[in-house]
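Asker: The structure that follows is given in the form of structure tokens.
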Amino acid sequence: MAKITASVYTSHVPAIGAAIDLGKTHEPYWQPVFKGYEFSKQWMKDNKPDVIFLVYNDHATAFSLEMIPTFAIGTAAEFTPADEGWGPRPVPKVIGHPELASHIAQSVIQQDFDLTIVNKMDVDHGLTVPLSLMCGQPSKTNFAWPCPVIPFAVNVVQYPVPSGQRCFNLGKAIRKAVESFDQDLKVQIWGTGGMSHQLQGPRAGLINKEFDNAFLDKLIADPTAAAAIPHIDYVREAGSEGIELVMWLIARGAMSDVAGGPAPRVAHRFYHVPASNTAVGHLILENR
Ligand code: DHB
Ligand code: FE
């Protein structure tokens, strides 16, 4: 049986990817950001999963404004890093897990969540930057991510976007799906994006440390309360792009305490401002 071993939460700021790709991680501006992920890179080596189920959002890269699925699961054998305007990031292609992805699609759709099935898709910074932060830059001699990844794209770009509550409930359905897969696989679920940021309009540059830290506290200790936060609170308190945080609730809903198991262990918690226009938040929770 497959099982969810841990959940990982992290921001996905594109400038972080550029800092890594251009060798700027030791510059004074970036050093404190990357320091917060030193633990995480070692933790990934010590806790290598067989598959990562990576919840992220596409930024009008694979899906233009012509067609916007609310929830889309990548069932392909591989996914190519997208050209986001400056050429594709020099990172490995993402190897999928079509068998587990198809099983999750079957199970989650039968649990009444309507997923879009995507058999071909390029992936943008929303997916590649979290992989870079957690796994480091793959070496030239072994140019690959450490394991297969199932991309799971959530619409947080064009309203109406899904509620935190629906995302949390979807996480529960994903846990059931994973646990009914007939192979012994260690699966990590990652929720990415956030924390507070607003990229446009009169409030561009908004950061809210109090909201972000309260969100981290709630996500750890009272995820049901975190799931109840309405859209308007994210937008008002965390900025228009702060709504990306609903994706963290998918990962949190898949943890075993939500289904009556013991509370997860907080392996790592990190928060730093600024990185580009965004507050960087990061958590690792392990199932016991
Ligand atoms: C930034 C953050 C994002 O989440 C994004 O998708 C693009 C830019 C930023 O902080 O610059
Ligand atoms: Fe974003």
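Asker: I need the semi-axes of the equivalent ellipsoid of the stretch 156-288: take the C-alpha gyration tensor, multiply each eigenvalue by 5, square-root it, list largest first in whole angstrom.
Answerer: Values: eigenvalues 145, 49, 32 Å².
That gives 27, 16, 13 Å for the three semi-axes.
Asker: What does the accessible area per residue of the stretch 53-115 come to in Å², with a 1.4 Å probe and no ligands, DNA or RNA counted? If you can, show how the numbers build up before the last one.
Answerer: Working: 3020 Å² over 63 residues.
Accessible area per residue, the stretch 53-115: 48 Å².
Asker: Multiply the residue gap between E66 and L22 by 0.36 nm, knock off their C-alpha separation, and tell me the result in nm, one decimal place. Before the final figure, lay out the partial values.
Answerer: Working: separation 44, 0.36 × 44 = 15.84 nm, distance 3.31 nm.
12.5 nm is the gain from fully extending E66 to L22.
Asker: Can I ask one more? For the chain, what % of the accessible area comes from carbon and sulfur atoms, probe 1.4 Å? Walk me through the intermediate numbers first.
Answerer: Working: 6460 of 12130 Å².
Solvent-exposed carbon and sulfur of the chain make up 53 percent of the total.
Asker: Distance from the Cα centre of the stretch 24-80 to that of the stretch 176-201, in angstrom?
Answerer: So the two Cα centres are separated by 10 Å.
Asker: Please calculate how many Å² of accessible area the stretch 152-253 carries per residue, with a 1.4 Å probe and no DNA, RNA or ligand atoms counted. Could you put the intermediate results ahead of the total?
Answerer: Details: 3820 Å² over 102 residues.
Accessible area per residue, the stretch 152-253: 37 Å².
Asker: Could you tell me the calculated FRET efficiency between A228 and M1, based on Cβ-Cβ distance and R0 = 25 angstrom, to the nearest 0.05? All intermediate terms of the calculation are to be shown ahead of the outcome.
Answerer: Numbers: r = 31 Å, r/R0 = 1.25.
For A228 and M1, the calculated efficiency is 0.20.
Asker: So what is the relative contact order of the stretch 95-191, in percent, for Cα pairs below 8 Å that sit 6 or more residues apart?
Answerer: Working: 43 pairs, mean separation 43.8, N = 97.
Taking the mean separation of contacting Cα pairs over the length of the stretch 95-191, I get 45 percent.
Asker: Taking a probe of 1.4 angstrom, what is the accessible area of H197 in Å², to the nearest 10?
Answerer: 10
Asker: Something else now. Convex hull over the Cα atoms of the chain, averaged projected area in nm²?
Answerer: Numbers: hull surface 55.7 nm².
In nm², the orientation-averaged hull projection of the chain is 13.9.
Asker: Given the C-alpha atoms of the stretch 72-222, compute the convex hull and give its volume per residue in Å³. Please report the intermediate quantities before stating the final value.
Answerer: On the way: hull volume 23.4 nm³, N = 151.
In the stretch 72-222, the Cα convex hull volume per residue is 155 Å³.
Asker: Please report the Cα spread of the stretch 1-124 along all three principal axes, rounded to whole Å, starting with the longest.
Answerer: Extents along the principal axes, in whole Å: 50, 38, 22.
Asker: Take the Cβ-Cβ distance between E99 and R203 as r, set R0 to 51 Å, and report the resulting FRET efficiency rounded to the nearest 0.05. Could you put the intermediate results ahead of the total?
Answerer: Details: r = 45 Å, r/R0 = 0.88.
Step by step, r from the Cβ atoms, then E = 0.70.
Asker: With a cap of 15 neighbouring Cβ atoms within 10 Å, and only residues DSSP puts in a loop, list the chymotrypsin sites (Phe, Trp or Tyr not before Pro) found in the stretch 76-118.
Answerer: Numbers: sites: F79, W86, F113; in loops: W86, F113.
Here the chymotrypsin sites (Phe, Trp or Tyr not before Pro) that fit, given the DSSP loop and packing criteria, are W86.
Asker: For the stretch 15-124, what relative contact order do you get, as a whole percent, if you take Cα pairs closer than 8 Å and at least 6 residues apart?
Answerer: Values: 107 pairs, mean separation 33.3, N = 110.
It rounds to 30 percent for the stretch 15-124.
Asker: In whole percent, what relative contact order does the chain give with Cα contacts below 8 Å and a gap of six or more residues? Spell out each step's value before the answer.
Answerer: Working: 630 pairs, mean separation 88.1, N = 288.
Relative contact order comes out at 31 percent.
Asker: Could you identify which residue out of H103, H59, H26 has the top mean-square fluctuation in a GNM of the chain using Cα springs shorter than 10 Å?
Answerer: Top of the fluctuation ranking is H26.
Asker: Now for a different question. For the stretch 110-181, taking Cα atoms only, what is the radius of gyration to one decimal and the Dmax to the nearest whole Å?
Answerer: Here Rg and the maximum Cα pair distance are 15.3, 44 Å.
Asker: Can you tell which of C167, W190, V178 lies farthest toward the positive end of the dipole of the stretch 150-206, using +1 and -1 charges on the Cβ of basic and acidic side chains (Lys, Arg; Asp, Glu)?
Answerer: Among C167, W190, V178, the one farthest towards the positive end of the dipole of the stretch 150-206 is C167.
Asker: Where nothing but the Cβ of Lys and Arg (+1) and of Asp and Glu (-1) is charged, how large is the charge dipole of the stretch 133-288 around its Cα centre, in debye to the nearest 20? Before the final figure, lay out each step's value.
Answerer: Details: 14 positive and 13 negative charges, 28 e Å.
Charge dipole of the stretch 133-288: 140 debye, to the nearest 20.
The values are calculated or read from the model by the stated rules, or taken from the named source; none is laboratory data. As the structure is a prediction and not an experimental result, all values here were calculated from the model. Note: ideal-geometry Cβ built from the backbone for every residue, glycine included; neighbour counts use all protein chains shown. Calculation scope for accessible area: heavy atoms of the full protein, side chains included, ligands and nucleic acids excluded. Shrake-Rupley method; radii C 1.70, N 1.55, O 1.52, S 1.80 Å.
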